[in-house]
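S.K.: Sharing a structure with you now.
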Amino acid sequence: MHAYESARQYFENAASVMDLSANMKKLLLTPEREVKVQVAMKTDNGEIATFVGYRIQHNSARGPMKGGLRYHPEVNGEEVLALASLMTWKTAVVDIPYGGAKGGITVSPKALSSNELELLTRKFIDELQDVIGPDKDIPAPDMGTNAQVMAWIMNQYEKYHGFNPACVTGKPLELHGTDGREEATGRGVGLLTEAILEKLKRPVTDATIAIQGFGNVGSFAADYLQRCGGKVVAISDISGAKVNSNGIDVQAALAFTRANGSLDGFQSEQQLSNAELLALDVDVLIPAALGGVLTKENAGDVRAKLVIEAANGPVDPDADAILQKRDIVVLPDILANAGGVTVSYFEWVQNQQYFKWDLDRTRAELAKTLLASFEKMWDLATEKRIPLRTAAYLMGIGRVGRATVLAGI
Ligand code: NAD
């Protein structure tokens, strides 16, 4: 199932519980602005290369739009729209004053030199600079982009508009970034995993955990959960999965990937494929790599009791229905991975105030924001006897819908 179909299906499921009118549904599904640009540049060897870039601004009813920029060969308009709409519900679920957007370039960043990547980014911002900005739409990192790319974006934006670090988040610390942004999504996944295990009366110290993806999100989640006493028995990256029944040494795995670029060659008891990792007999399964990894083909094989959607859209609606029937609890992406956008918001707040928080404050505010939203979602799901995902969408769609009506159409 395509990312957009999935996002639409989840929206429809919640809309039917809410009795949303057809007109409001149409209004909330339709993006406010879709920008598609050609980015042309000269490569290092003097040839002309062209790329397609997107920025889709889905909804601004609750504030400036917010969302990552993805550099990946499979970036396409449908996927960007799906991710932009997820951002609208995500920022509303955690109740930060933003709408939702997403963007990207169809490119394999690893195939470009650093100079080419910088040029591509600056040219892309030349095209977008008049539709983004601190009070309009604030980009952030996503797959294939990082703090360095955000620094180039800030610099290029400022050439048109003057000093304004709040125009982009996920920046390096030396350029008005915030302590705690890099770890935020994975830390949020860890905090929420702990919270939901508590609700299920299963302390994290008794839990076995398998994590697909050992990049930014997966590695920080693994580190957090291991420090809380959880047993991370499997991790993986694009090179495959590593399993240790007594627990992976997450710090050693991190040091190994830093030195070698991937987990390929990291010592473990057992090596599995990424598909086999999804079917491991563990308490908690955390897909933290790609979207669409659990489908109707493999949802029946999942043996975990709890699935935490650390990636965006890892469980498609067919798989979701199967997991639900099998009483497997799913913590939805629009809350599970909202730690990143939450700390991006803290970065923007600090930039607007020319004031710097320390790491303890960022961590404390992150926990407060995520856990308050989690409690609300849990109570709503319990009260209405609906899945956590539907409850989260109800919160998100409800807040955006009410803001739209109050502001007047
Ligand atoms: P990343 O690029 O840092 O890491 C991705 C990881 O997935 C790597 O370990 C990579 O080897 C692995 N991977 C890639 N292809 C794979 C495959 N075919 N099979 C298994 N593993 C594969 O990315 P990230 O920032 O950690 O993002 C991971 C997911 O989390 C994405 O879905 C992203 O949209 C989502 N997300 C990220 C953030 C954030 O702040 N970074 C915030 C919200 C959501």
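S.K.: Quick check for you: which residues of region 170-211 have the amide N under 17 Å from the point 7 Å beyond the Cα of Asp379 toward its beta carbon?
M.R.: 196, 199
S.K.: Would you mind giving the average projected area, over all directions, of the Cα convex hull of region 250-328 in nm² with one decimal?
M.R.: Here the figure is 5.6 nm², rounded to one decimal.
S.K.: Please give the Cα centre distance for region 42-59 versus region 80-140, rounded to the nearest Å.
M.R.: So the separation of the two Cα centres works out to 13 Å.
S.K.: Counting only protein heavy atoms, what percent of the accessible surface of region 1-156 is carbon or sulfur at a 1.4 Å probe?
M.R.: Numbers: 2980 of 6420 Å².
Carbon plus sulfur share of accessible area: 46 percent.
S.K.: I've got another one for you. Using the basic label-point model (7 angstrom from Cα toward the beta carbon), what is the Ala22 to Glu297 distance in nanometres?
M.R.: According to this spin-label approximation, the distance is 3.7 nm.
S.K.: Still on this model: For region 6-85, take N as its residue count and report Rg(C-alpha) divided by 2.2 N^0.38 Å. Provide the component values of the computation, followed by the final result.
M.R.: On the way: Rg = 16.7 Å, N = 80, 2.2 N^0.38 = 11.6 Å.
Its radius of gyration relative to the 2.2 N^0.38 Å reference: 1.43.
S.K.: Taking N as the number of residues in region 73-208, what is its Cα Rg relative to 2.2 N^0.38 Å?
M.R.: Here the answer is 1.22, to two decimals.
S.K.: Using a cut-off of 12 Å between beta-carbons, work out the net charge of the residues near Ala275 (Lys and Arg +1, Asp and Glu -1, Ala275 not included).
M.R.: -3
S.K.: Between region 185-253 and region 352-383, what is the separation of their alpha carbon centroids in Å?
M.R.: With region 185-253 and region 352-383 each reduced to a Cα centre, they are spaced 21 Å.
S.K.: Report, for the chain, the % of DSSP beta bridges that are antiparallel, rounded to 5.
M.R.: 50
S.K.: For Gln270, enumerate residues with amide H under 5 Å from its amide H, sequence gap 5+ or separate chain, H modeled in the peptide plane.
M.R.: Val243
S.K.: I need to check one value: relative contact order of the chain, counting alpha carbon pairs closer than 8 Å and at least 6 residues apart, in percent.
M.R.: On the way: 840 pairs, mean separation 67.0, N = 409.
Averaging sequence separation for qualifying contacts and normalising by length gives 16 percent for the chain.
S.K.: In square nanometres, what is one fourth of the surface area of the convex hull spanned by the alpha carbons of region 209-342?
M.R.: 7.5
S.K.: While we're on this one: Is region 344-388 rounded, prolate or oblate when judged by the Cα gyration tensor, a ≥ b ≥ c being the square roots of its eigenvalues, rounded requiring a/c under 1.5 and prolate requiring a/b larger than b/c?
M.R.: prolate
S.K.: I would also like to ask the following. For the chain, what is the calculated [θ] at 222 nm in deg cm²/dmol (nearest 500), taking -39500 (n - 2.57) for each run of four or more DSSP H residues and dividing by its residue count? Spell out each step's value before the answer.
M.R.: On the way: 14 runs with 192 residues, N = 409.
My calculation for the chain gives -15000 deg cm²/dmol from helical runs alone.
S.K.: When 1/r is averaged over all different Cα pairs and the result inverted, which Kirkwood radius in Å belongs to the chain?
M.R.: The Cα-based Kirkwood calculation yields 21.4 Å.
S.K.: If you don't mind, another one. To make sure I understand the rule: partners must be lysines, Cα under 29 Å from the Cα of Lys368, and not fewer than 8 residues away in the same chain. Which ones qualify?
M.R.: The qualifying lysines are Lys66, Lys90, Lys102, Lys136, Lys171, Lys199, Lys201, Lys231, Lys305, Lys356, Lys376, Lys384.
S.K.: If you take every residue apart from Arg399 with its C-beta less than 13 Å away from the C-beta of Arg399, what net charge results, scoring Lys and Arg +1 and Asp and Glu -1?
M.R.: On the way: positive: Arg62, Lys90, Lys376, Arg402; negative: Asp95.
For residues surrounding Arg399, the net value is +3.
S.K.: Here's something else I'd like to know. Below 14 Å, Cα to Cα, which aspartates and glutamates can Lys325 reach? Residues fewer than 8 away in the same chain don't count.
M.R.: Reachable aspartates and glutamates: Asp301.
S.K.: What GluC sites (Glu not before Pro) does region 237-338 have in DSSP loop regions with at most 16 other beta carbons within 10 Å?
M.R.: Filter output for region 237-338: Glu269, Glu297.
S.K.: I've got another one for you. How much of the accessible area of region 317-402, in percent, comes from carbon and sulfur atoms when a 1.4 Å probe is used?
M.R.: 52
S.K.: Also, quick follow-up: Can you give the Kirkwood hydrodynamic radius of region 134-258 from its Cα pairs, in Å with one decimal?
M.R.: Details: mean 1/r = 0.0615 Å⁻¹.
Evaluated over region 134-258, this radius sits at 16.3 Å.
S.K.: Counting C-alpha atoms alone, how compact is region 328-409: give Rg to one decimal and Dmax as a whole number, in angstrom.
M.R.: 15.2, 45
S.K.: On to the next question. Counting residues in region 242-284 as N, plug N into 2.2 N^0.38 Å and put the Cα Rg over that result.
M.R.: Scaled against compact globular proteins, the figure is 1.19.
S.K.: Shifting gears a bit: Tell me the net charge near Lys296. Cut-off is 9 Å between Cβ atoms, Lys296 excluded, with +1 for each Lys or Arg and -1 for each Asp or Glu.
M.R.: -3
S.K.: Given 5 Å bins starting at zero, what is the percent of C-alpha pairs of region 137-198 in each, up to the one with the largest pair distance?
M.R.: 4, 18, 24, 19, 12, 9, 7, 4, 2, 1
The values are calculated or read from the model by the stated rules, or taken from the named source; none is laboratory data. Quick caveat, the model's predicted, so the values are computed rather than measured. In this analysis, Cβ positions are derived from the backbone assuming ideal geometry, glycine residues included, and neighbour counts consider all displayed protein chains. To get the accessible areas, we keep the full protein, side chains included, count just its heavy atoms, and leave off ligands, DNA and RNA. Shrake-Rupley method; radii C 1.70, N 1.55, O 1.52, S 1.80 Å.
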